[in-house]
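**Q** Just passing along the structure, written as structure tokens.
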Amino acid sequence: MLGKLSSKAFTPYGIEEQRRIKNLHKNPIFIIGFVARLACILLFLPTTYQDWFIPFISNTVGNVSLNPWSTFIESGGNVVSFPYGITMLIAYLPLSFVGEFLGKLFSIESGIRIGFGLSTFCFDYGLLIAIALLTKRNSNRLLLLLYWCSPLIVYINYIHGQLDIVPVMLLFWSICLVYWNRYKSAGLLLSFAVCCKFSMVVAIPLLLIFIHRKRGIGSEIIEFCAVTTISLLALTIPFLNSSGFIEMVLNTRESARVISVAIPYAENLNLYVVPIVYLLSLYLVWRLDRITKDLFILGTGISFFSLLIFLPPGPGWFLWVVPFLIYYQLTSKKDVIGIALVFNIVCLLYIALYSTGASVLFLNQGIEKYNFVSKELSLGGASLRSVIFTFLQAFSILLVIRMYTYGIQKNGFYRFSSKPFIINFSGQAKGLRSDVVKSLSSLIGDNKVNVMALEESTSLMSSKISEPEEKSYASAIRYMEFANTLKAAQDQNSLIYKKSLKIDNRTRGDQIKTIWANLRSSFKIIGKDYLFLSNGFFISNGPLRDLVRLQVKVNHDVGVEAKNTIYSQPDNLKDIVFWVSSINESSASLKKRLITYLPLGFLHDELFRMLIAICALHIDKEVTEDQQWVKISFEGDADSEDISHIARMVIPQIEDFSLIEDHWKSGYLGIMQLIILATISDELQHHYDYKTRI
């Protein structure tokens, strides 16, 4: 039905992404940031450009060589001019060459400088697009205000003139590609980032953890490692015999910063702080059992922030953390103006006062000359620089705490990271129920799901499991039988029976008072992400109901039975009831309709609109008298690709599930998959009360 539209839905840059980028370009704030950047390129000549980068690039353009670092040193160049690898040179060379050529052609002295500045602009814009695609469901306006119009970003890139924007942009695009399951391309871009600036190697273990949590040990992580390793070797080994490369790129003063912070233990014995902080940061990301895009990016941002806190920071290093901070602000809606604003102001003040500035062209003045306070000013015996630096590090620590608290701890996926999401499937249609369980398990990934079929628990099949009366000894025994059935049916390492709930010879009433308190803690659930219970009974309430996050009841009515069925709404907003019914009274009819109830709100409205527009289904809906539910009847066939496309439109965090796309089903099974996943996503994002679970 979708035709060309469906194929685009499976590409990383689809319709929704195109709309997001177009809206960015149309926003007046984008034009303001665009003009401000071009003005800075034309009006300012950063000291770093004038003293370091432009001389190296000019020498490379004028003296083509396979070993530009040695050639530059032999010509009398400064060894600190270009402490970057081959990919950084390749990144800046094309536009610089064009600028040099046009400058000579039209007698413009600043041609190469403008070309160099436009290169920075291209990578700056590329980082904006990467953040926009990673936060595609968040505000364009807020993104443009926080990043595109950030004075700190503009100052570092165009007035101070640092080049760290290139490896940061490549890192974010590598994260995008991992998020889109393009592991070979992600490995290639990550190797480019590392070759730009070798300190970016700290990102490799973090991305490996992300891929491992996302796909496990499989072909994906092998492809990523192979491409990254081969690319790094291919881009580095040819230059290792170059004395110029070793002196300018490998033996830089930036490398010495890693061991600049140390705790003296004894004579000739120091404890280096930065490696310990880095290992702790890796552990923070590693302990995220169920890692999502948000958790990974925020965990990586916290890691970079931690390194920045314990290192004497260079101006360009702040570019490493600001994009992660902006991502946190966009996704959590926290610290948009408070601590983050103060951090940006203090950071800008520190860089402006204690780093090289720029010359203002046509005025023969430098921006570093406009100092309203002395750089050596002391406050109570403490230097102004140390005071500002202390405040900068203090606000960095506060932001790390805030990012961990509001970005990670309050994330729905993090809050159930130590226990599975339990779904109870019930209903008299055993075969259909089994199909739903299998289709959903294969879509999520069989390696993430434990399925327990409890059909043999005949002692529990006769009636619903419900909360017993205070002294109902018989009902207490039935709960214990259920617990034992779970224990017997468990997949190894999925459930560990932690307490024995035996009833001794003490007074029955006293014992029953404690059994319900003990039941909730009787299981410690570990192992896979999801636990599917396939039963013939519906758990209506009681302690076991507290453990089940979602209940799905599947019924199948045919013939006269379907005509006389009363389709009643669920009692709980977290319950889903499906009826698959014949359209006519003939049980042999192949035409079916799916009937369900959805809570009144976004999901039912979007689902109704999308299924009609894309799948051309016949849909009837009716709002219940209490205005809480919408009864929906679906008739017609829906293609699996269409359902997959609709899922991406109605489930905001669908990529976090890391679904196996070719396991979407067509027809009513696919619609069931879509509704169940949407309900799980909503529960994780908004309603997961982790403190009351096991």
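The values are calculated or read from the model by the stated rules, or taken from the named source; none is laboratory data. Because the structure is predicted, anything quoted here is derived from the model rather than measured. Please note: Cβ atoms are built from the backbone with ideal geometry, for glycine as well, and neighbour counts cover all protein chains shown. For the accessible areas, the whole protein counts, side chains as well, though only heavy atoms, and no ligand, DNA or RNA atoms are used. Shrake-Rupley method; radii C 1.70, N 1.55, O 1.52, S 1.80 Å.
**Q** Looking at (1) under 23 Å from residue 274 (Cβ atoms); (2) assigned to a loop (DSSP other than H, G, I, E, B), which one does residue 241 not meet, given that it meets all the others?
**A** Here residue 241 meets the rest and fails (1).
**Q** Still on this structure: When segment 339-357 is examined, which residues are found to be free of Cβ contacts under 8 Å to residues at least 40 places away in the same chain and either open to solvent by less than 20 Å² (accessible area, probe 1.4 Å) or over 25 Å from residue 406 (Cβ atoms) (or both)?
**A** 349, 353, 354
**Q** Here is a list: 689, 656. Which entry is modelled with pLDDT under 85 and surrounded by 21 or more Cβ atoms within 10 Å (Cβ to Cβ)? Steps first, please.
**A** Values: 689 fails: surrounded by 21 or more Cβ atoms within 10 Å (Cβ to Cβ).
One residue alone meets the criteria, 656.
**Q** Based on what the data block shows, is residue 331 in contact (Cβ under 8 Å) with a residue 12 or more places away in the chain, buried (at least 22 other Cβ atoms within 10 Å of the Cβ), touching an Asp or Glu at 6+ places or on another chain (Cβ under 6 Å) and not aromatic (Phe, Trp, Tyr)?
**A** Taking the combined requirement at face value, the residue does not satisfy it.
**Q** Run down 270, 241, 251 and say which single residue is more than 30 Å from residue 71 (Cα to Cα), surrounded by fewer than 14 Cβ atoms within 10 Å (Cβ to Cβ), free of Cβ contacts under 8 Å to residues at least 12 places away in the same chain and more than 20 Å from the chain's Cα centre (by Cα).
**A** The conditions single out 270.
**Q** A follow-up question, please. If the requirement is being within 36 Å of the chain's Cα centre (by Cα), under 21 Å from residue 159 (Cα atoms) and not basic (Lys, Arg), which of these qualifies: 111, 117?
**A** The conditions single out 117.
**Q** In segment 14-41, what residues are surrounded by fewer than 15 Cβ atoms within 10 Å (Cβ to Cβ), among the hydrophobic types (A, V, I, L, M, F, W, C) and farther than 20 Å from residue 146 by Cα?
**A** Correct list: 15 only.
**Q** Could you list, in sequence order, the residues of segment 277-317 that are under 17 Å from the mean Cα position of the chain (by Cα) and not in a helix (DSSP H, G or I)?
**A** 287, 288, 289, 290, 291, 292
**Q** Please find, among 391, 413, the residue that is at pLDDT 85 or above, in a helix (DSSP H, G or I) and of a type outside the set (S, T, N, Q).
**A** None of the other options fit; the residue is 391.
**Q** If you don't mind, another one. Considering only residues of segment 417-453 that are in a helix (DSSP H, G or I), surrounded by fewer than 19 Cβ atoms within 10 Å (Cβ to Cβ) and not hydroxyl-bearing (Ser, Thr, Tyr), which is modelled with the lowest pLDDT?
**A** Checking each candidate, the answer is 447.
**Q** Could you please tell me which pairs satisfy a Cβ distance under 9 Å, a separation of 6+ or placement on different chains, a first residue in segment 196-225 that is within 20 Å of residue 292 (Cα to Cα) and open to solvent by 20 Å² or more (accessible area, probe 1.4 Å), and a second residue that is among the charged types (D, E, K, R) and in a loop (DSSP other than H, G, I, E, B)?
**A** 213/289; 213/290
**Q** Looking at the structure I just gave you, is residue 216 under 19 Å from residue 56 (Cβ atoms) and of a type outside the set (Ser, Thr, Tyr)?
**A** When the stated conditions are applied, residue 216 does not pass them.
**Q** Can you tell me how many residues within segment 73-114 are farther than 18 Å from residue 51 by Cβ, free of Cβ contacts under 8 Å to residues at least 24 places away in the same chain and open to solvent by less than 40 Å² (accessible area, probe 1.4 Å)?
**A** 3
**Q** Right, another one. Checking residue 127 against (1) modelled with pLDDT under 95; (2) over 19 Å from residue 360 (Cα atoms): exactly one of these is not met. Which one?
**A** Among (1) modelled with pLDDT under 95; (2) over 19 Å from residue 360 (Cα atoms), residue 127 violates only (1).
**Q** Which residue, of 594, 598, is in contact with a Ser or Thr (Cβ under 8 Å, 6 or more places away or on another chain), modelled with pLDDT of 80 or more, open to solvent by less than 50 Å² (accessible area, probe 1.4 Å) and not hydroxyl-bearing (Ser, Thr, Tyr)?
**A** 594
**Q** Can you pull out every residue in segment 643-662 that is closer than 19 Å to residue 446 by Cβ and either touching a Cys at 6+ places or on another chain (Cβ under 7 Å) or touching a residue at least 60 places away in the same chain (Cβ under 8 Å) (or both)?
**A** Listed by number, the residues that qualify are 644, 656, 657, 658, 659, 660, 661.
**Q** Kindly indicate the residue of segment 607-627 that is in contact (Cβ under 8 Å) with a residue 40 or more places away in the chain and over 33 Å from the mean Cα position of the chain (by Cα) and also nearest to residue 183 (Cα to Cα) among those meeting that condition.
**A** Result: 616.
**Q** Take residue 377 and decide whether it is open to solvent by 40 Å² or more (accessible area, probe 1.4 Å) and at pLDDT 85 or above.
**A** For residue 377, the condition - open to solvent by 40 Å² or more (accessible area, probe 1.4 Å) and at pLDDT 85 or above - is not met.
**Q** Looking at 370, 328, 354, 350, can you tell me which residue is of a type in the set (Phe, Trp, Tyr) and at pLDDT below 80?
**A** Just one listed residue meets the conditions, 370.
**Q** In addition: As an exercise: evaluate residue 323 against (1) modelled with pLDDT of 90 or more; (2) more than 21 Å from the chain's Cα centre (by Cα) and give the number of the one condition it does not meet.
**A** (2)
**Q** So in segment 284-310, with the set limited to residues that are open to solvent by less than 10 Å² (accessible area, probe 1.4 Å) and farther than 16 Å from residue 175 by Cα, which one is modelled with the lowest pLDDT?
**A** 288
Yes/no matrix, rows are residues, columns are (1) at pLDDT below 85; (2) within 30 Å of residue 237 (Cβ to Cβ); (3) small (Gly, Ala, Ser):
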| position | (1), (2), (3) |
| --- | --- |
| 7 | yes, no, yes |
| 10 | yes, no, no |
| 17 | yes, no, no |
| 23 | no, no, no |
| 31 | no, no, no |
| 38 | no, no, no |
| 45 | no, no, no |
| 58 | no, yes, yes |
| 68 | no, yes, no |
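**Q** Filtering segment 639-653 down to residues that are in a loop (DSSP other than H, G, I, E, B) and within 15 Å of residue 670 (Cα to Cα), which residue is most open to solvent (accessible area, probe 1.4 Å)?
**A** 639
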